[in-house]
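**Q** Below is the structure I would like to discuss, written out as structure tokens.
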Amino acid sequence: GAEFFGTMFLIIFCVGSANHRTLAGLDTFSPAYYISISIAFGIGIGGIVHICAGTSGGHVNPAVTLALLLDKRISLLVAIVYTVAQFAGGFAGAAILYGLGNMGELQNIAGVNGYNKDVIDTEHAFFLEVFGTLFLLLTVLSTINEKRGHAPSYLQPLSIGLSILVMHIFLIPYTNCAINPVRGTVWNVVTGQADEHTLVFLFAPWVASFVAVPLHNIFFD
């Protein structure tokens, strides 16, 4: 339940922050535009992780769930249940945001993940998302590393939120920053803007999961 509602909140509130009604006075290429969205994602997801941490661990991201499965912190069954709940919560959140936000009235719906082929090609977008997710996953694995002696507190969600904030500042100009298979797909699908490029945002974060676990355990553990 926590993963469903946590991911639902992520889509409603964080993706909802990328709203032309809210940021109508800003050029979409201005630093203020994407820094505002970055802050909303970083602080918002940090808060969501804090809310869910005591029950599910606050993954709200299938790439995090896969990384913790590969690190033998959760079972395969738990990973499957969490991933299904995350996608279900994501689609529920996208539907709620679309309906309550009267998005059908907008000619240009913001918050969709994509990239301009005149700026970067598909390979660049894919590896940008891999590296962005890799940074997030290394942060997650470091904050839950028992060897570091961190007592469970608000500092873990804060560090995760700050890493997400930084990655959004970095990636929004290129891919609009997904670093989460749910965030990168459900809003595209619900708004009717999914295409073959959406597959980048579905698979790149999972690739990062396979890289993050051995990288952390060899060099940062």
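The values are calculated or read from the model by the stated rules, or taken from the named source; none is laboratory data. Everything numeric here is computed off the predicted structure, so don't read it as measured data. Positions of Cβ are generated from backbone atoms using ideal geometry, with glycine treated the same way; all protein chains shown enter the neighbour counts. Ligands, DNA and RNA are excluded from the accessible area calculation, which covers all protein heavy atoms including side chains. Shrake-Rupley method; radii C 1.70, N 1.55, O 1.52, S 1.80 Å.
**Q** Remind me, relative contact order of the chain in percent, using alpha carbon pairs under 8 angstrom and six or more residues apart?
**A** Relative contact order comes out at 31 percent.
**Q** Per residue, how much accessible surface does region 6-119 expose to a 1.4 Å probe? Answer in Å², no decimals.
**A** I get 48 Å² per residue for this part.
**Q** Could you compute how much accessible surface D221 exposes when probed at 1.4 Å, giving the result in Å² to the nearest 10?
**A** 80 Å²
**Q** Answer with a single label: of (i) 12; (ii) 31; (iii) 17, which was calculated as percent of Cα pairs over 32 Å apart from the structure in view?
**A** Read-out taken from this structure: (i).
**Q** Per-residue HN-Hα couplings for region 113-119, Karplus 6.51 cos²θ - 1.76 cosθ + 1.60 at θ = phi - 60°, whole Hz, x for Gly and Pro?
**A** The phi angles translate into 7, x, 8, 8, 5, 7, 9 Hz.
**Q** A follow-up question, please. Determine, from the Cβ-Cβ distance of I51 and F210 and an R0 of 30 Å, the FRET efficiency 1/(1 + (r/R0)^6), rounded to the nearest 0.05.
**A** Taking R0 as 30 Å, the efficiency between I51 and F210 is 0.60.
**Q** For region 61-138, what does the relative contact order come out to in percent, with C-alpha contacts under 8 Å and a separation of six or more?
**A** Relative contact order for region 61-138 comes out at 32 percent.
**Q** If you don't mind, another one. What does the net charge come to around L171 if you take all other residues with beta carbon closer than 13 Å to its beta carbon, with K and R at +1 and D and E at -1?
**A** Charge balance in the 13 Å sphere: 0.
**Q** Express in whole angstrom the spacing between the alpha-carbon centres of region 121-148 and region 39-92.
**A** So the separation of the two Cα centres works out to 15 Å.
**Q** Can you compute 3J(HN,Hα) from phi for each residue in region 66-72, using the Karplus curve 6.51 cos²θ - 1.76 cosθ + 1.60 with θ = phi - 60°, rounded to whole Hz and x for Gly and Pro?
**A** Running phi through 6.51 cos²θ - 1.76 cosθ + 1.60 with θ = phi - 60° gives 5, 4, 6, 5, 5, 8, 6 Hz.
**Q** Further question: Report, in deg cm²/dmol and to the nearest 500, the calculated mean residue ellipticity at 222 nm for the chain, where each DSSP H run with n ≥ 4 adds -39500 (n - 2.57) and the sum is divided by the residue count.
**A** About -19500 deg cm²/dmol.
**Q** Still on this model: At 1.4 Å probe size, with the rest of the protein present, what percent of the exposed accessible area of region 124-221 is carbon and sulfur atoms? Mind dumping the intermediate values first?
**A** On the way: 3230 of 4410 Å².
That share works out to 73 percent.
**Q** I've got another one for you. Taking 8 Å as the Cα distance limit and 6 or more residues as the minimum spacing, I'd like the relative contact order of region 35-100 as a percentage.
**A** 20 percent
**Q** For every other residue with a beta carbon closer than 12 angstrom to the beta carbon of V213, add +1 if it is Lys or Arg and -1 if Asp or Glu, then tell me the sum.
**A** Residues close to V213 contribute a combined charge of 0.
**Q** What ranking do 76-86, 58-68, 140-150, 160-170 get when scored by the average of other Cβ atoms within 10 Å per residue, highest first?
**A** Working: 76-86: 17.3, 58-68: 27.6, 140-150: 14.2, 160-170: 21.3.
Result, highest mean Cβ count within 10 Å first: 58-68, 160-170, 76-86, 140-150.
**Q** Just P152, P181, P173 to compare: in a GNM of the chain, with alpha carbon springs under 10 Å, which one fluctuates most?
**A** P152
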